[in-house]
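See below for the structure under consideration.
The values are calculated or read from the model by the stated rules, or taken from the named source; none is laboratory data. These figures come from a predicted structure and were not determined experimentally. Neighbour counts are summed over all protein chains in view; Cβ atoms, including those assigned to glycine, are modelled from backbone coordinates with ideal geometry.
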């Protein structure tokens with residue numbers, strides 16, 4: 001019972017950290033504006049005005065994944081209370097090899113390990129990427145109509 005209470009406490013702490021003002025802004029930027037299609041796009045973000053936001057979001061979810069991978073939080077509890085990490089990973093997954101070669105061989109390794117441990121993890125990631133692209137396309141089409 002104590003182990004479950006400790007896990008629940010960690011889950012609640014992770015949620016609390018996500019609500020911090022700078023983290024909220026970083027998460028908002030990551031999901032609304034960060035849509036890398038190439039290593040050049042990633043590099044521009046990594047060394048641009050939102051560098052801190054990019055690093056904050058990815059490192060947060062990589063840290064949370066490490067807690068799961070190391071057994072501090074059970075996989076089932078984590079995936080039943082979180083889903084944002086899927087979206088975070090979906091944006092960087094196609095570029096992981098290039099990012100690791102260019103910048104850091106360990107970039108998002110805990111997050112990737114968690115995705116691979118999650119049932120249908122890679123499939124869920126691909127579907128999240130498709131949904132986000134469809135939403136961006138809808139927004140772009142709507143904006144194009146209103147400017148005509």
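Quick notes on this one:
- Hits in segment 1-22 - residues which are under 16 Å from residue 82 (Cα atoms) and part of a helix (DSSP H, G or I): 7, 8, 9, 10, 11, 12, 13, 14, 15, 16, 17, 18
- Across segment 33-45, the qualifying residues are those that are in a helix (DSSP H, G or I) and out of contact with any helix residue (DSSP H, G or I) (no Cβ under 6 Å at 6 or more places or on another chain), and the one among them that is surrounded by the most Cβ atoms within 10 Å (Cβ to Cβ) is 43.
- When restricted to residues that are loosely packed, with under 14 Cβ neighbours inside 10 Å and either in contact with a helix residue (DSSP H, G or I) (Cβ under 9 Å, 6 or more places away or on another chain) or assigned to a helix (DSSP H, G or I) (or both), segment 103-119 contains 4.
- Condition broken by residue 48, with the remaining ones in (1) modelled with pLDDT of 95 or more; (2) assigned to a helix (DSSP H, G or I); (3) surrounded by fewer than 13 Cβ atoms within 10 Å (Cβ to Cβ) satisfied: (2)
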